[in-house]
């Protein structure tokens with residue numbers, strides 16, 4: 001037996017969420033974490049309807065704790081898939097769309113990416129390129145790298161000057177490549193023939209929380225399905241229902257026909273067997289109950305969407321009252337759980353160093369991390385950061401936003 | 001956009017648990033599934049102490065549903081690691097052993113296998129061989145294949161004639177290779193020097209259920225730790241506590257020193273981020289509560305071990321009363337949740353075809369699948385199978401057992 005470790009060459013890696021690590025190590029009682037990665041919204045806030053459902057299920061003496069099937073809880077995957085695609089979707093009616101219950105949205109992306117590496121990558125004479133929406137691309141890039149992809153590129157959909165969607169640039173890229181959220185792009189099948197053969201992979205982490213309307217938030221996905229694309233969609237319900245710790249995700253597969261769907265699912269099932277065998281059940285049971293009851297579902301979503309917009313409005317109002325330089329209308333013009341504040345990286349650094357407030361260098365914050373306990377402190381700190389440095393950011397280059 | 005599916009080449013795979021599929025599709029009300037894969041023991045039976053703890057935690061209004069850290073619930077991984085290694089273990093005292101909370105035992109094997117492929121496989125001039133204990137090797141082999149290993153061999157520890165551990169053969173193989181459960185073996189570092197450089201990877205799915213004694217069941221693992229080996233150990237708590245559907249596993253890492261442990265954990269953390277991000281919490285909270293309370297723990301385990309032995313005794317007694325040919329003492333001479341019945345593959349086929357009873361062709365059954373509802377039917381059916389064919393198996397070749 002060797003006296004030295006077998007793992008002398010294994011390097012220490014610190015790439016994993018240094019922002020959260022810094023926050024956790026900060027002893028200040030005032031500290032605030034404004035990023036979404038690794039932390040939920042509204043600590044200790046779960047929609048009351050969801051909490052009640054959870055208690056009912058946990059207290060059910062008839063519930064056995066048998067393993068779920070490999071592909072998960074069928075009532076959940078069916079309801080989740082119909083929520084995203086719509087019950088009237090042709091793909092649903094033609095029985096060529098189906099879900100795989102995964103360990104959170106990350107698990108859905110992972111299983112999907114592995115499948116694509118094995119079965120989509122094979123016939124290409126050149127490496128398949130994966131395009132990932134830039135501001136969200138951190139962990140997604142790691143997953144695609146992990147499974148084997150080497151050509152991974154960001155694409156940009158955000159106008160960093162106007163702090164709004166960059167429609168023109170977005171359309172320009174669409175004309176060349178076509179994609180959405182994260183997606184795989186053209187194979188050069190023949191050097192003289194540049195044929196598009198793209199596969200869109202949507203990431204829908206909080207359907208209904210952007211606009212407050214489930215159908216409106218799913219428009220882009222449904223549009224691609226209606227155009228006849230085959231695609232994947234990773235869904236997560238952590239943000240929507242507050243059960244962050246139960247890791248409930250779904251990988252939606254839309255295939256050309258039912259026979260193709262069956263073949264794809266059989267391979268995904270094999271992958272799941274070798275990764276986590278079967279997913280955990282409690283969270284999926286709770287969410288399936290809510291999804292299958294439209295009244296419960298709408299109540300939950302309305303409460304959440306209103307909460308998010310209220311926080312945006314309150315923060316804007318506080319900054320107005322404090323006389324913070326710049327215009328903060330973008331806070332309420334944007335929707336959803338994340339907001340680009342437009343803060344400069346120097347202002348972000350000021351907040352971290354002097355105020356124990358942690359957010360990404362590009363100024364993006366998780367709106368849901370702001371609550372009644374920290375709102376005043378966050379607004380006051382932003383005011384100080386902006387007033388004591390060079391004023392609100394009027395625009396950042398993409399390079400600066402990384 | 002192509003009119004044909006992008007996935008014309010994806011084959012349908014039916015490799016995944018055809019036995020369970022056949023059972024599920026069988027419309028007979030008498031059907032019984034006697035394999036352990038994909039099904040739990042004692043449907044609807046959870047140790048009352050565990051069920052009570054689950055209710056307390058689910059009902060706790062102060063519990064937020066925040067994400068767990070990437071490596072899981074620390075109270076759980078610490079208690080689970082100490083349960084396996086012992087609190088007095090040198091590795092624990094020297095702070096060079098630690099756990100990673102995983103999605104079940106499968107998740108622990110997967111994350112560990114991926115790590116070994118990346119970091120243990122690199123310096124070898126020839127492919128690393130992975131040796132896996134034969135009767136359990138089905139899904140484990142798939143996992144090691146999935147992550148990239150190509151040299152995967154079974155090893156045998158079971159005497160198929162005496163239906164007991166094959167001590168002599170076991171020792172012979174140990175002298176050549178050394179391993180336990182599943183393990184990686186010699187690198188040829190120099191063609192003229194055949195140096196052992198092995199890494200044991202234990203799989204402990206039900207500590208305490210084999211002998212009814214936690215320490216006794218962990219003897220082999222602790223022995224290797226005491227000898228100074230670096231190793232991995234995949235733990236699962238599904239069988240022990242009945243919470244099959246909450247997927248609670250732990251990957252124990254024992255390293256040469258604390259600094260090596262920290263480096264290894266940092267890489268495992270990165271892997272987990274790209275696989276399921278963080279594990280689900282409820283099951284781990286329940287199990288941590290039980291593990292950290294010795295009185296609760298011993299009560300649960302004693303109840304389970306007694307239940308298992310009672311089933312073995314009852315089945316043997318029924319077969320004796322029925323006058324079934326052959327000696328069935330091995331049923332109670334063996335311990336643990338699985339039993340080699342010694343049934344011939346023709347008898348197994350008889351049971352499936354005529355009795356709707358599903359078990360592996362090698363005659364191995366999950367003892368826990370037998371309960372008061374099906375005991376009489378199972379015993380009567382075994383009696384018919386043995387009486388109507390060529391008598392109890394006196395031995396099977398390893399090839400026949402696959």
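Read-outs: derived from the displayed coordinates by stated rules, not from any lab. What you are looking at is a predicted structure, and each value in this text was computed from that prediction instead of being measured. Neighbour counts are summed over all protein chains in view; Cβ atoms, including those assigned to glycine, are modelled from backbone coordinates with ideal geometry.
Summary of values
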item	result
Ranked list, fewest to most other Cβ atoms within 10 Å of each Cβ, for A:352, B:306	B:306, A:352
Mean Cβ neighbour count within 10 Å, used as a protection proxy, ranking A:94-100, A:242-248 highest first	A:242-248, A:94-100
Position residue B:211, label points 7 Å along Cα→Cβ, spacing to each other copy in nm (shortest first, one decimal)	6.5
Where labels lie 7 Å past Cα in the beta-carbon direction, separation of residue A:14 and residue B:303 in nm	4.8
Highest to lowest packing among B:330-337, A:353-360, scored as the average C-beta count within 10 Å	A:353-360, B:330-337
Teacher prompt: residue A:372 distances to equivalent labels in other copies, 7 Å Cα→Cβ, nm	5.2
Shielding score for B:141-150, defined as the mean number of other chain Cβ atoms within 10 Å	2
Where only alpha carbons of the stretch B:47-103 are counted, the Rg and the Dmax (Å)	14.3, 40
Peptide B:237-249, shielding by other chains (average Cβ, 10 Å cutoff)	4
Inter-chain shielding of B:71-79 (mean C-beta neighbours from other protein chains, 10 Å cut-off)	0
Scattering curve values for the stretch B:203-289, log₁₀ I(q)/I(0), Debye with Cα scatterers, q = 0.13, 0.14 Å⁻¹	-0.53, -0.61
Pair-distance profile P(r), taking every C-alpha pair of the stretch B:276-337, with 10 angstrom steps and integer %	19, 29, 22, 18, 11, 1
Euclidean distance of C-alpha centroids, the stretch A:213-270 and the stretch B:239-288, integer Å	28
Estimated inter-spin distance, residue A:317 and residue B:345, nm [label 7 Å along Cα→Cβ]	7.6
Added length on full extension, which subtracts the Cα-Cα distance from 0.36 nm per residue, residue B:333 to residue B:52	97.8 nm
Counting DSSP beta bridges with both ends in the stretch A:196-285, the antiparallel % (nearest 5)	60
